[in-house]
Every structure is written in structure tokens, then in C-alpha cells.
1. Tell me, which residue of segment 481-526 that is of a type in the set (A, V, I, L, M, F, W, C) and at pLDDT below 90 is farthest from Thr424 (Cα to Cα)?
2. Take Ile419 and decide whether it is assigned to a strand (DSSP E or B), modelled with pLDDT of 95 or more and within 28 Å of Asp179 (Cβ to Cβ).
3. On the given criteria, is Ser334 in contact with a strand residue (DSSP E or B) (Cβ under 9 Å, 6 or more places away or on another chain), free of Cβ contacts under 8 Å to residues at least 60 places away in the same chain and either surrounded by fewer than 20 Cβ atoms within 10 Å (Cβ to Cβ) or β-branched (Val, Ile, Thr) (or both)?
4. Output the residue which, of all residues in segment 166-210 that are of a type in the set (S, T, N, Q) and buried (at least 18 other Cβ atoms within 10 Å of the Cβ), is farthest from Ser304 (Cα to Cα).
5. What helices (runs of 4 or more DSSP H) lie completely within segment 445-539 and have 2 or more residues being under 30 Å from Gly408 (Cβ atoms), of a type outside the set (Gly, Ala, Ser) and under 23 Å from the mean Cα position of the chain (by Cα)?
6. When you go through Thr593, Thr586, Thr581 one by one, which is the residue that is at pLDDT 75 or above and surrounded by 10 or more Cβ atoms within 10 Å (Cβ to Cβ)?
7. Could you say which residue among Arg470, Arg460 is surrounded by fewer than 19 Cβ atoms within 10 Å (Cβ to Cβ) and in contact with a strand residue (DSSP E or B) (Cβ under 7 Å, 6 or more places away or on another chain)?
8. Looking only at residues that are assigned to a helix (DSSP H, G or I), at pLDDT 70 or above and among the charged types (D, E, K, R) in segment 103-154, which one is nearest to Ser171 (Cα to Cα)?
Amino acid sequence: MGDNVYRGRAGVVFRFAGHLLPMVLAMMAGMLLLAPLWSAALPEATARADLKALVMATDMAIGMAVWMRIRRHGWVSIAEMSAAMYAPFLVLFIPYWAGAISEPTLMIAGHALMLPAMVAAMLRRREEYLRPHHHHGRKWFRRIAWIAVVLAVVATPPAVAAAVNAASYKSSLYQPAVDVAVPASVRDATPPPHDPAKPTAVVLVGNEGAHVGDALAAYETLAATRAFNLYTVAPERRRVPMTGGLDLIPDLDFAHLDQRLAGKPADVIVVPQLPNPDAVRPIHAWLAAQSRAGALVVGVCVGSEVLAAAGLLDGRDATSHWYYLGALEEKYPSVRWHRATRYVDDGDIITTGGVLSGIDGMLRVIERRLGTRAAAAAATTVGWRFYSPGAPAPLPPSAFGLRDTIAGVNLSFRSKPTIGVLLTDGVGEIELASIFATYTEASYAARTVTVGSGSTNPVRSRHGLVFVPRTDLSTATNLDRLLVPGAEAARRAGPALDAHGLTPEYVHATPGFPFDAVLRDMARTVDVPTAEWRAKTLEYPADALELTGPGWPWGATLLPLLYGLISLAGAGALWAAWRATQARRTLRPALTTTAADQSREPAFTEVRT
């Protein structure tokens, strides 16, 4: 009798799952089939995160609705289930528009909430969804349902943990400071001098920040010539976060640049990767106007996408970071995208490959403005060994391989140390970038925080950029390491700093290109696969670095399997407890009935004769 109850309960679960699982598959089919149509017909529909979410919800709703009609569900049920596709996003749009959550959080949370919304819609019409399926192969279907349930139990905890960890870390990469105001000492200082006889080059940073490697490597390469009026500019002059929390105060905003140039365009505009596409959109008109007026515009790495979104690359040759080229080809099909090249010179537009290929792009700019001798001298000054006069240096084709999955392991399941980065006057811009660009984005190996030696007063770099630390040594108590960038800081290192027991590590104490020392440090303190992956995404040849350190992190790699097994064991224990409870409930009435029957039997009295 207990088995019959179990089969009945299990049958309810199977029938419920038998409706839910095909609908989920139909939703996925809708996304796969309809997404290319949106990209071709209305590419702007996926430019904003909120529109992208609505498009995905529509794709899933259409796929699911078609399947539900095949299964002869009513239109009201289809409408309710379609509403479950949109409801989570509509709720999440409010905190997203308010800036409380990021785009990755919006997407992950929206999809995570979709399943309980679907279950709620099914429970509202449980009679309809509990109808048994009239088809052959019931045993086959039950086996499939069991496999699906087991896989869901095993996969859900690590998937949720990975999604939460990834969203949390990525949202921190460009987290702004609590106070974005410009300190009075910087606001009231004399702006950088302007020499009308020199060409003007500007490195653009958005109000939401810029990629630290793209921007600072380009800046120092141009600064090495001392032949440009060189400024960092933004729509507004305020503290902007670069990758990993390095706060920069731009030299000028758009209005002051226009005043300084008397309404003329800049000669060279460098566009690095800028976070938050929605915030970048107002920059497009400014870039287009500068380009029409005669500026040479250079898109560094994924900064090429900013140019493409502004319409500057339509019908032209361009390149970008190898990892993003596939998506860019789909999103901007009118651009002739090139692979395996350091840069593409297309006249008044130059685009470069990933991160450090931006140095080659700047050397090309210097070639065109000042000649190859000046470009070679700049390459020597910044320590770049790969300069190729007159043409881009050879760049082997890159693709994501099995060993590159180290990035997912680091992002989703690996604990991340907090590295304090001590800011000192005179530090080189590429020296600064080498730490923040290496340890944060793409490698996901650590969290970084800027530290002042005795205060949070602004610090000036080698060529005059202004950075503001977020904390100082007296209050930075939760650090795992303290790195001090800069060869100059290593040379003038005095008595040991009071760093709460941490030993300051001068990563650029030995001569060489700044990224060499940091990649070796990463291989030694994290692991070699992570260092190799980061060198690959930086587009930096690491063969000569002789990286040594730990190998593959099997503990972190197997952690999701452990999560899944624990979840499966817990689910099995709950299932066994539920079965035992049901068996006791079934047995108790049977025992009561037996006892009652026995009490009604006639009593026989023994008669002795």
C-alpha cells in the first residue's frame, strides 16, 4: 500500500515535470532561433540591457507559446506563462534604472526568477498541468524525467554559486568611489600647460571609467615623445574608476577641452574600452563630431566597439580584441573585421587588437606624426620590444582553448585575495596598469584596492596624471598583500612601511617591461595557467618569461562537483524522509483498522467439563 502511495506522489511530480521540462526546452529553442532575426532586423534592440532583456523574454515566450499550443493548452494559460517570462525583468528594471544593480546582475537574476514564476503559474492551474500524458513509452519518459531531476539537483547549486560570484566580482571592477568629487587641491591647481605649436592628443575616459590597460599604456607611449599636448578627457571632470578601482581625475572635461582648443578638434583621440554601454551613448555624438572635423580617432582593444556604435566604422576595415571579434562581427556586420593583427590603419581611423596591442597603435600614430625614429625611441622608452616600423608586427591567431577555462574557475569558484596597491608620486602609467590590468579583468585572480602611504591625498604619476587612493595604510587592515608599483618607488624604498604586518613587495625592482614582473608574480603566487591566460588576453608574448609556479588548481575545479554531490545527498535524504513519513501515515490507519476488527471478534470462553 505504501508503494502505491509513493507511485501516486511520484506520478504527480512526473506529470508536473513532464510539462515544465519541455517548456524550458521550447524557451531555449525560441532564443536560439529568434535571436539572429533580431540582430539582423533591429540590431539596436540589443544595444541596451533593458531592451536586450525584453527581447530575450519575447523569444522565450514565443517558443514556449508554440509548444503549449501543440500540447493544446488554452490561450489564458499561455498568456499567464508568457507573463512569467517578463515579470522578473519588469521588477528588476526599477533597481537597474536606479543604478542599484548592474547589467550582469539584471540578466542573471531575471533568468533565475523566471523558473519560480513559471512554477507559480502552473500551480495556479494545477489541474491542467497535472493531467497525465496519453502516449506510449511511459517508462522511457519517467526515466528521462528522473535524469532531468537528478541533473537539476546536481547542477543548480554550483550554477547559482557561480552566477552570484561572477556577478559580484564583475560588478566590482568599475565600482565608483563613495565620493566622486574632485579634491580642492586638484580643482584649484593650474591645468596642464598647452603649447599651440604641438599637436593635441587626448585619451578619452567615460564618466563610468575606462579600461586601465587600454588607457594608461596608450597615454604613456604618447607621453614618451614629449611632442604632444596630452590630456585625459571625460564628459564631466570627476573621479572616474579605472579597472580594479584605480580612481583617475581627468585633466579636462569636454567643455574645457573645447575652450582650450578654441573650438577646433583634437589632432588625436584615443578611445579605450569604456564600461556600461548605456552611459557611453552620449559620447558617440562627440566622437562623430570630432571625427568629421578632422581628428584621427584610435580605438584601442574593445574601444573599437565604441567607434562602431557611433557609426564611425561602417564600411571600413577594423580590428579589436580577438575574444570579442565574433560578437562584434554579428553586431556590426557592415564593418570589415580583421583578425590576427596588432592594428588596422584605415586613414583617419586606427583600431588595435587587445590591450597591449594599443601600444603598437600609438607607435603607428607617432610614426605618422613624427616619423619612425621617434616611434622607435618611444618604444625603447616604455620597454616595448615588439615595435615593427611601418606595419603591424605579426600576431598569431588566438582562440579560446580548454586550458583557458581557468578563467571560469577563477571567476566562479576560487577565493580571491585582496591586494593593496600603494600609490606613490612619480609612478609610471604602464607600471600602474600592469598590476590592475593583470590581476583583475579576465584573470579574475584578486581584488585590488588603492592605498596611500599616509593619507588619501592625490598622487601624480610620472607624466602628471592624478590618482586618488581610496584608503591609506593606517586604515587598510584587511589586505592579503601590499604591492608597490614603480621602479622609482623600489629605488627610493626606505624603512619598512607600517602595513599591519604585511611586507611591501616592490614588483618593479628589476628592469624590464612592467608587465613582465607582474606576470611572473602571478605565476608564482596564483598559478601558471592563470598567468598564461592573462598574457594571452593582453596579447603579450609570454614565451620568454619562463613562468614558474603552481599548476592547475584542481581543488577549485572540483568544487562545483562537490556542491552538486552535497546537494544530491541532501535531496536524497529529504526524499527518503518524505517516503518514510508517507509510509507511516499509510500504515497507521491500517493498524487501527486491524485492531478494531480484532476487538469486534466474538469471545470464546473455554468450558471445562
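The values are calculated or read from the model by the stated rules, or taken from the named source; none is laboratory data. Worth saying up front: this structure is predicted, and the values here are computed from it rather than measured. Note that we place each Cβ from the backbone using ideal geometry, even for glycine, and neighbour counts take in every protein chain shown. Side chains included, ligands, DNA and RNA excluded: accessible areas come from the protein's heavy atoms. Shrake-Rupley method; radii C 1.70, N 1.55, O 1.52, S 1.80 Å.
1. The extreme case among them is Leu502.
2. yes
3. No, not satisfied.
4. So, considering only residues that are of a type in the set (S, T, N, Q) and buried (at least 18 other Cβ atoms within 10 Å of the Cβ), the one farthest from Ser304 (Cα to Cα) is Thr200.
5. 514-525, 528-538
6. Thr581
7. Selected residue: Arg460, the only one of Arg470, Arg460 that is surrounded by fewer than 19 Cβ atoms within 10 Å (Cβ to Cβ) and in contact with a strand residue (DSSP E or B) (Cβ under 7 Å, 6 or more places away or on another chain).
8. Checked segment 103-154; the qualifying residue nearest to Ser171 (Cα to Cα) is Glu103.
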